[in-house]
1. Heavy atoms only, 1.4 Å probe, whole protein assembly: order Cys155, Cys165 by accessible area, highest first.
2. Using Cα atoms only, what is the angle between the long axis of helix 203-216 and the major principal axis of the chain, expressed in degrees (0 to 90) to the nearest 10?
3. Residue by residue through segment 176-189, what is 3J(HN,Hα) from phi via Karplus (6.51 cos²θ - 1.76 cosθ + 1.60, θ = phi - 60°)? Round to whole Hz and write x for glycine and proline.
4. Could you give the angle, 0 to 90 degrees to the nearest 10, between helix 30-43's Cα long axis and the longest principal axis of the Cα atoms of the chain?
5. Can you run phi through the Karplus equation (6.51, -1.76, 1.60; θ = phi - 60°) for segment 226-238 and list ³J(HN,Hα) in whole Hz, with x for Gly and Pro?
6. How much solvent-accessible surface does His222 expose, in Å² to the nearest 10, with a 1.4 Å probe and all protein chains in place?
7. Please list, in order along segment 114-124, the HN-Hα scalar couplings obtained from phi with the Karplus expression 6.51 cos²θ - 1.76 cosθ + 1.60 (θ = phi - 60°), rounded to whole Hz, x for Gly and Pro.
8. Report, to the nearest whole %, how much of the accessible area of the chain belongs to carbon and sulfur atoms, 1.4 Å probe, protein only.
Amino acid sequence: RRECLPPLPLTAIKFHSIGCLLKLGGYRSADNYATIAKRKHVESGHQWSAELELASKRMVTSCQRGMGPPMQSEPLNYEAVLLLDLPMDPIISGGPINTKALAVMATMFLTREVEIAMAERSHVAVNRSDKTIYWLLPVSKIDYKALGCRRSWGCSCTSPSSSGCVYHTMAGHIDHLTSRFGSPAADDHLPLFPTADGRTVSPETMLELIEMLATMLGEEMHTKDGRRKYGKHSWRSTGAVFLAGVGVDLLKIQLMARWSSEVITHYS
């Protein structure tokens, strides 16, 4: 962790040891670590010498050498998911109800697995007069409870048999939650996609669900180098690939996904 700094004052030898430990741990943000180390060193009344500046730069360079780009979570085939015959009950042990509605919401709102797991029914508003839904989403991937971004989708049906319409999918899901668990109370904390008995699904189980869907689609679970293809950002990559494929502007996708970086270009 960046906060776990060695005893001050820092020395060139300590920076070398830090670099070795960061490389062993696969730490990708050595430059952030070096910045915090420098600030703590100076705040403690020690001088930041040219020797330390050189040692810091060498440590960062050493950690980043040969690391390559970060691994990205592979997207699911969204159109194929919509064609799956999925039941209303969970398809995995401890999983959420209404998997298809979850796939629609997680894809079209480009959520992380923890966001879809921790979302509550009260975070979603359905306007049945103008056929629009609104979802209050986190502003930060670190603090998933910092609900400050409101995103919306309207009806996108092109025919009575249209599949994947965000509004109709979510309106139907909210109706199902009401019939199954009762109407919302003043302090409603029912998960948006609960287990069959109304409990919160763990983020780890949400990852299992993604892999189950990939298995049902006949996808491989691992890359040629042995790493797992699907991960925490698979719904986000699924949404980015699908929306870019149907012609949505990349900046709009970035805003919808609450991405501050240019990672969207990886999926487009």
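The values are calculated or read from the model by the stated rules, or taken from the named source; none is laboratory data. This structure is a prediction, so every number in the text was calculated from the model and none was measured. Cβ: placed from backbone, ideal geometry, glycine included. Neighbour counts: every protein chain shown. SASA here: full protein model, heavy atoms, side chains in, ligands and nucleic acids out. Shrake-Rupley method; radii C 1.70, N 1.55, O 1.52, S 1.80 Å.
1. Numbers: Cys155 55, Cys165 5 Å².
Per-residue accessible area, sorted high to low, gives Cys155, Cys165.
2. For helix 203-216, the angle is close to 60 degrees.
3. 5, 4, 5, 5, 8, 10, x, 5, x, 8, 4, 10, 5, 10
4. Tilt of helix 30-43: around 60 degrees.
5. x, 7, 6, 6, 10, x, 4, 9, 5, 5, 5, 5, 4
6. The accessible area of His222 comes to roughly 90 Å².
7. 6, 5, 6, 6, 8, 4, 10, 4, 5, 7, 10
8. On the way: 7660 of 14350 Å².
So the carbon and sulfur contribution to the accessible surface is 53 percent.
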